[in-house]
Amino acid sequence: MYQLKTKHALFETFPTGGGQWLKLELASPVDGKKISVVAGHKSPDPFFASGSFLMFPWVNRLEPNPWAREPFYPSIHWLTDGNGIPLHGLYHNLPRTLAREKVSDTESTCEFDMEIPDTWKGTQLSQIQIRECYELTDSALTIVYKLKNESDTDLPFALGIHPYFRWNEDESIDDLYLFGSGFFKVKLGDYLLPEKVITEQIFLSGEESLGGVKLDDLYQTADKLSPFVGIFSMNKKEKLLIEGGDFYQIYTPQDRRSIAIEPMTGTGNFLHYPGGSPRILPKQSEKKIQFCIRLDRF
């Protein structure tokens, strides 16, 4: 376990366990009290059922998948859904090693390098360096992915994170409200692969109760300048904002104790769906992808 602290905030992660998030407590900008905003991964939970993990080089589902071959498949880094469609990329359970750390009462940072499997040597992915960076202040956690392509071939990719959020341990998501900067829903087909953007209606531009609502939905931002999705409780004076995604997948687990809000650069099936928005990491180049989780006052 690794801890990153400021005077009033705490972030815990498990570097050798795939960088799983164990805890995130942020300070209320209203009264300074700590609020637990992430349902951290706890054993014996399945790896993908809580906490947070990285999705790369694709997010959610991809079919057909160009990495469906040795040495990536079959391997311990390969995951499929009930229909046999590959899920969540190949990097989610890679061990991390601490590369840099700077701690203070007001702002603390750390950076982790990914341990690339020996079996990947000789492939393009073995020449893609990823550094996972966290910046913690009292009321916010910023996550930055620094990507470096040392190969001689451009890499199309989609990147996202898969955090499970809550409002303190004892609060059901049925007591929370969901809101955002305004989104189009992306229609998903029978295999949860994107089919088309529904532009006739704007979603998540106002508040919506999560009471009894079941979601496994994909949204595309209608406001490209400052997209966000947030949650709040009616009896609280703060709101939690998740910022930085061009797309968001939102999922409510059956136990109603958390909600997955996944900011992503592209959609599932990003290589084949016309609106998938693949990013390109050109050969011999670097790129940064940033997300932010923060508490704000109403």
(message) For the stretch 92-132, give me the residue count where each residue is at pLDDT 95 or above and in contact with a His (Cβ under 8 Å, 6 or more places away or on another chain).
(response) 2
(request) Quickly run through the stretch 29-54 and pick out the residues that are at negative phi, crowded, with 18+ Cβ neighbours inside 10 Å and in a loop (DSSP other than H, G, I, E, B). (result) V37, A39, G40, H41, S50, S52, F53
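When you scan the stretch 107-130, do you find a residue that is surrounded by fewer than 16 Cβ atoms within 10 Å (Cβ to Cβ) and under 12 Å from L4 (Cα atoms), even just one? Quick ask: steps written out before the conclusion?
To start, the set of residues in the stretch 107-130 that are surrounded by fewer than 16 Cβ atoms within 10 Å (Cβ to Cβ) comprises 107, 115, 118-119, 121-122, 129.
With under 12 Å from L4 (Cα atoms) added as a condition, the list becomes 107.
Yes - at least one qualifying residue is present in the stretch 107-130.
Taking the options F47, F53, F11, name whichever one is in contact with a His (Cβ under 9 Å, 6 or more places away or on another chain) and touching a residue at least 60 places away in the same chain (Cβ under 8 Å).
Numbers: F47 fails: touching a residue at least 60 places away in the same chain (Cβ under 8 Å); F11 fails: in contact with a His (Cβ under 9 Å, 6 or more places away or on another chain).
Result of the check over F47, F53, F11: F53.
Can you pull out every residue in the stretch 112-146 that is without any contact (Cβ under 8 Å) to a residue 60 or more places away in the chain and in a helix (DSSP H, G or I)?
Within the stretch 112-146, D118, T119, W120, Q124, S126, Q127 meet the criteria.
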(message) Against the conditions (1) farther than 30 Å from R297 by Cα; (2) open to solvent by 40 Å² or more (accessible area, probe 1.4 Å), where does L90 fall short? Just the number, please.
(response) (2)
(request) Quick one: count up the residues across the stretch 2-16 that are under 18 Å from R294 (Cα atoms), open to solvent by 10 Å² or more (accessible area, probe 1.4 Å) and outside any strand (DSSP E or B). (result) 3
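Would you tally the residues in the stretch 218-260 being open to solvent by 30 Å² or more (accessible area, probe 1.4 Å) and either of a type outside the set (D, E, K, R) or more than 17 Å from F48 (Cα to Cα) (or both)? Explain how you work it out, then say what you get.
Within the stretch 218-260, the first condition is being open to solvent by 30 Å² or more (accessible area, probe 1.4 Å), and the residues that meet it are 220, 222-226, 228, 234-237, 239, 243-244, 246, 251, 254-257.
Then keep just the ones that are either of a type outside the set (D, E, K, R) or more than 17 Å from F48 (Cα to Cα) (or both); that gives 220, 222-226, 228, 234-237, 239, 243-244, 246, 251, 254.
The number of residues fulfilling the criteria is 17.
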(message) Could you check the stretch 165-209 and list, in sequence order, the residues that are at positive phi, out of contact with any Gly (no Cβ under 8 Å at 6 or more places or on another chain) and open to solvent by less than 40 Å² (accessible area, probe 1.4 Å)?
(response) G182
(message) Among the residues of the stretch 240-298, what is the count of those that are under 11 Å from the mean Cα position of the chain (by Cα), outside any loop (DSSP other than H, G, I, E, B) and under 19 Å from K146 (Cα atoms)?
(response) 8
(message) Could you check the stretch 19-40 and list, in sequence order, the residues that are modelled with pLDDT of 95 or more and either more than 30 Å from F298 (Cβ to Cβ) or of a type in the set (D, E) (or both)?
(response) G19, Q20, E25
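Do we have G212 as on the phi > 0 side of the Ramachandran plot, among the small types (G, A, S), in a loop (DSSP other than H, G, I, E, B) and loosely packed, with under 14 Cβ neighbours inside 10 Å here? Spell out the reasoning first.
Numbers: on the phi > 0 side of the Ramachandran plot: yes; among the small types (G, A, S): yes; in a loop (DSSP other than H, G, I, E, B): yes; loosely packed, with under 14 Cβ neighbours inside 10 Å: yes.
When the stated conditions are applied, G212 passes them.
Being open to solvent by less than 60 Å² (accessible area, probe 1.4 Å), within 20 Å of K34 (Cα to Cα) and either of a type in the set (S, T, Y) or in contact with a helix residue (DSSP H, G or I) (Cβ under 9 Å, 6 or more places away or on another chain) (or both) is the requirement here; does T137 meet it? Let's see the steps before the verdict.
On the way: open to solvent by less than 60 Å² (accessible area, probe 1.4 Å): yes; within 20 Å of K34 (Cα to Cα): yes; either of a type in the set (S, T, Y) or in contact with a helix residue (DSSP H, G or I) (Cβ under 9 Å, 6 or more places away or on another chain) (or both): yes.
Yes, satisfied.
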(request) Spot the failing condition for F72; the list is (1) touching a Cys at 6+ places or on another chain (Cβ under 9 Å); (2) buried (at least 17 other Cβ atoms within 10 Å of the Cβ); (3) under 23 Å from I128 (Cβ atoms), and only one is missed. (result) (1)
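Any residue that is β-branched (V, I, T) and within 30 Å of P64 (Cβ to Cβ) - is there at least one of those in the stretch 86-109?
The first filter runs over the stretch 86-109 and keeps only residues β-branched (V, I, T), leaving 97, 103, 106, 109.
Cutting the leftovers down to within 30 Å of P64 (Cβ to Cβ) gives us none.
Looking through the stretch 86-109, none of the residues is β-branched (V, I, T) and within 30 Å of P64 (Cβ to Cβ).
The values are calculated or read from the model by the stated rules, or taken from the named source; none is laboratory data. Keep in mind that what you see is a predicted model, and the values were worked out from it rather than measured. With ideal geometry, Cβ positions are generated from the backbone for all residues, glycine too; neighbour counts draw on all protein chains shown. The area values use the complete protein model at the heavy-atom level, side chains included, leaving out ligands, DNA and RNA. Shrake-Rupley method; radii C 1.70, N 1.55, O 1.52, S 1.80 Å.
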